[in-house]
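What follows is a short report on a single structure.
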Amino acid sequence: MTAVRTPTLAAAKLVFQRDMTLAWRRWDEVAQPLIFYVVVTTMFPLATTPDLSALREIGGGVVWVAALLASLLALEALFRADVEDGTTEQWVLSGQPLGYLLLAKVAAHWVLTGLPLVIMSPIVGTGLGLPTSAWGVLMASLLLGTGTLSILGGIGAALTVGVRRGSVLLSLLVLPLAMPLLIFGSRAVSMQMDGDSPAGPLQLLAAIFFMALSLGPIAMSAAIRISVEN
Amino acid sequence: MDLKEFFEMGGYAGYVWTSYGLTALILLWNWWAARRSEAEAQTAARRRNELALERSS
Amino acid sequence: MTFDGAVFEARAINAWRGDRHILRDVSFSVRPGEFLKVTGPNGVGKTTLLRVICGLLPAETGELWWRGQSVRGRRDEFNFELGHLGHLNSLKGDLTARENLKFLAGLRTTLTAQTIDATLDRVGILSRGDLPARSLSAGQKRRLALARLLLADAALWILDEPVTNLDTAGIRLVEELIVDHVQNGGLAIAAAHQRLLDDAPCLRRLELEP
Amino acid sequence: MSWTWFHKLASPPHAYRILGSLAPWFGWASLALILLATWWGLVKAPADYQQGDGFRILYVHAPSAWMSMFTYVVMAVAAGVGLVWRIKLAHAAAAACAPIGASFTFLALATGSIWGKPMWGTWWVWDARLTSELLLLFLYLGYMALRASFDDPQRADRASAVLALVGVINVPIIHYSVNWWSTLHQPASVTKFDKPSIDLAMLIPLFLMIIGFQLYFGWAVSRRLRGEILRRERNANWLKEAA
């Protein structure tokens with residue numbers, strides 16, 4: 001038997017495929033963050049006012065906060081099962097650059113949880129009085145924002161995978177780091193609604209996303225290596 | 001400048017003295033906490049040394 | 001794959017677990033065709049040693065050498081030649097046996113359906129190939145993990161208690177696999193407290209003492 | 001190039017001893033400077049023409065705000081050095097920085113809020129600097145919480161180092177985003193005063209205080225670092241003398 005070493009890209013694709021296959025068999029778990037997202041946004045009209053023109057003022061911010069919390073909630077268990085059953089150990093030992101494998105996993109996770117949030121957001125936004133003209137910006141900003149958050153959360157999840165009470169800790173670690181996303185994202189939406197060009201904050205979101213994309217895998221692989229030690 | 005005027009801080013006494021008092025408090029807390037942390041580490045190290053001695057004998 | 005000059009060496013490894021100095025200046029070398037059995041009572045550091053070799057646990061001091069070069073800085077290259085079977089089987093219960101191999105062993109080497117089937121056959125669970133790993137017995141899961149090890153096509157095997165959960169036939173299988181591997185010029189290091197290849201000519205022992 | 005001096009310096013017993021003899025110098029110097037700056041700031045410096053004596057809070061607020069950022073950067077650099085070159089002493093330094101930095105951040109927040117009351121008429125204003133400080137406090141708290149959640153100090157060191165590095169890359173982004181955000185939203189309550197126009201007589205005590213705080217930081221880090229070194233040292237014989 002002569003073995004051909006798997007190219008890194010193919011290996012990353014396998015990780016992605018595997019998570020998709022697993023999610024397909026556990027679709028109920030995948031749906032939970034989305035339901036959470038809708039439920040949280042429902043709370044705001046109930047807590048404040050049903051007046052759509054008043055809700056409009058905070059609509060973009062509410063959608064953004066709810067999306068951040070929902071994807072963070074989903075990130076908590078990102079690496080847990082794989083670390084517990086020893087899969088991550090084998091990834092570390094695969095001879096492949098660990099960062100890319102982890103990025104593939106995060107990408108799969110984003111497709112399963114982040115993307116549905118983005119797609120759902122116009123519907124949720126409508127309930128909060130966001131006009132159709134703001135849909136595009138809302139979705140674009142969430143697309144970039146949830147992507148970045150998945151990477152940031154991936155780092156946090158990798159750090160907290162082996163510790164007690166990891167879920168609260170994860171929020172404490174990741175939410176402060178995610179504040180710029182929230183600021184730029186929700187401002188982009190309200191600027192669009194005010195008739196200003198949202199290009200500035202969107203570009204900043206994109207810049208942050210690409211920075212996270214390039215540096216995130218390094219941090220994630222360092223964190224996972226620490227987590228598999230015991 | 002007389003002392004009373006000084007303590008009144010031009011009507012801002014409450015704010016100014018609270019700030020400085022708080023600063024003193026934080027600096028003192030740091031002082032105390034740093035000493036305590038060092039002392040704790042020393043005690044722990046001594047205990048570990050004793051244990052190691054017991055084990056080797 | 002050529003195993004010429006594939007000597008593995010550990011030089012003066014020192015490792016700690018919490019406050020305990022577990023490995024004290026452990027040195028040894030393994031050559032192609034040799035099977036090193038690490039023995040010693042529980043808690044003596046067998047697993048620690050194997051994890052240090054895999055780089056899953058940092059050593060305080062000491063160095064690992066592979067093919068005449070220090071492993072430091074060339075981890076990924078070394079890892080590619082290293083096959084690891086730990087306490088955990090690294091299986092996903094929701095995936096079938098075939099999928100488990102495809103998604104995990106496939107990360108290292110490009111697999112075809114035939115190689116997967118041949119390997120499943122070799123470890124005696126071909127008929128279970130399309131069952132979810134969840135529904136396999138403990139021994140069958142261990143066999144599936146062995147299949148993953150075989151597919152890795154590594155020069156150096158690191159086996160931590162490889163015969164756990166295996167019946168007599170399973171133990172014989174592990175012995176055969178190890179002998180095959182070292183006879184083809186491979187190297188194997190295993191921690192075991194059961195009998196394992198105790199009379200084989202390729203066997204060398206490393207006794208860890210508390 | 002010879003690195004022996006460095007390794008010698010970074011070796012735990014050496015560092016432990018050197019820090020022990022450095023600490024009192026830092027301590028007394030900082031005490032003297034802080035007292036001098038306090039006197040200068042409270043008595044000698046003239047009152048601000050708009051804010052009167054209220055501006056004197058600046059002398060504790062600004063240095064603590066400065067120290068909160070400075071300490072975070074020092075912590076992240078130490079963590080990075082520890083992670084890359086596997087130097088325990090650097091990890092120990094990062095561990096020593098965190099509580100000190102957090103306390104300075106808290107102080108900056110508290111004094112800023114107290115200062116805000118006469119300035120803006122409310123205890124809290126979402127202005128850029130206070131908001132940044134608040135987020136920095138969250139970063140410190142997260143760092144310390146992560147560190148505390150590991151039993152093994154080595155793992156705690158490296159995990160928190162990763163976080164500190166991610167954090168320090170984020171700090172400028174947070175800072176920038178918060179500034180940008182606050183220019184878009186005018187604070188609800190209008191500032192009662194302009195920024196204090198600082199003249200030199202007002203500046204001197206500020207510099208004295210900053211240097212005093214830096215020295216104080218040096219003292220506190222030395223003290224804590226000694227403890228952290230002892231915690232990380234496992235068997236060495238020198239512990240007998242040290243303890």
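The values are calculated or read from the model by the stated rules, or taken from the named source; none is laboratory data. Quantities reported herein were computed from a predicted structural model and do not represent experimental measurements. Backbone-built Cβ (ideal geometry, glycine too); neighbour counts: all protein chains shown.
Annotation note: of C:128, C:205, C:134, the sole residue that is in contact with a strand residue (DSSP E or B) (Cβ under 6 Å, 6 or more places away or on another chain) and more than 22 Å from residue A:93 (Cβ to Cβ) is C:205. Restricted to the range C:73-98, and to residues there that are in contact with a helix residue (DSSP H, G or I) (Cβ under 7 Å, 6 or more places away or on another chain) and charged (D, E, K, R), the residue that is nearest to residue C:146 (Cα to Cα) is C:98.
Which of the residues belonging to the range C:77-116 are outside any loop (DSSP other than H, G, I, E, B), more than 22 Å from residue C:155 (Cβ to Cβ) and of a type outside the set (A, V, I, L, M)? Selection gives C:96, C:98, C:99, C:100, C:102, C:103, C:114.
The helices (runs of 4 or more DSSP H) found wholly in the range A:106-199 and carrying at least 1 residues that are touching a residue at least 60 places away in the same chain (Cβ under 8 Å) and within 14 Å of chain D (Cβ to nearest Cβ) occupy A:135-160, A:166-193.
Looking across the range D:90-114, just one residue is surrounded by 22 or more Cβ atoms within 10 Å (Cβ to Cβ), of a type in the set (A, V, I, L, M) and more than 14 Å from chain B (Cβ to nearest Cβ), and that is D:94.
Considering each residue of the range A:85-98 in turn, none proves to be surrounded by fewer than 17 Cβ atoms within 10 Å (Cβ to Cβ), assigned to a helix (DSSP H, G or I) and not small (Gly, Ala, Ser).
Evaluate the range B:36-55: report whether one residue or more is more than 7 Å from chain D (Cβ to nearest Cβ), among the charged types (D, E, K, R) and surrounded by 17 or more Cβ atoms within 10 Å (Cβ to Cβ). There is at least one residue in the range B:36-55 that is more than 7 Å from chain D (Cβ to nearest Cβ), among the charged types (D, E, K, R) and surrounded by 17 or more Cβ atoms within 10 Å (Cβ to Cβ). In summary, residue A:206 fulfils each of the numbered conditions (1) of a type outside the set (D, E, K, R); (2) farther than 23 Å from residue A:138 by Cβ; (3) surrounded by fewer than 22 Cβ atoms within 10 Å (Cβ to Cβ) with the single exception of condition (2). Quick one: is residue C:160 modelled with pLDDT of 90 or more, touching a helix residue (DSSP H, G or I) at 6+ places or on another chain (Cβ under 7 Å) and closer than 17 Å to residue C:30 by Cβ? In short, yes.
The set of residues from the range D:41-75 being surrounded by fewer than 18 Cβ atoms within 10 Å (Cβ to Cβ) and among the polar types (S, T, N, Q) comprises just one member, D:50. Per the listing D:140, D:176, the residue uniquely surrounded by 18 or more Cβ atoms within 10 Å (Cβ to Cβ) and more than 7 Å from chain A (Cβ to nearest Cβ) is D:140. Every condition in (1) within 12 Å of another protein chain (Cβ to nearest Cβ); (2) of a type outside the set (Phe, Trp, Tyr); (3) touching a residue at least 12 places away in the same chain (Cβ under 8 Å); (4) in a helix (DSSP H, G or I) is met by residue D:84 except one, and the failing one is (3). Within the range C:99-151, the set of residues being away from every other protein chain (no Cβ under 13 Å) and out of contact with any helix residue (DSSP H, G or I) (no Cβ under 7 Å at 6 or more places or on another chain) comprises C:113, C:121, C:127, C:135, C:137, C:138. Of all the residues in the range C:41-72, those that are in a helix (DSSP H, G or I) and more than 22 Å from residue D:88 (Cβ to Cβ) number 6. Criterion first (free of Cβ contacts under 8 Å to residues at least 40 places away in the same chain, over 19 Å from the mean Cα position of the chain (by Cα) and either farther than 22 Å from residue C:194 by Cβ or facing another protein chain (nearest Cβ under 7 Å) (or both)) does residue C:68 satisfy it? The answer is no for residue C:68. The set of residues in the range A:5-60 being under 30 Å from residue A:78 (Cα atoms) and in a loop (DSSP other than H, G, I, E, B) consists of A:6, A:7, A:26.
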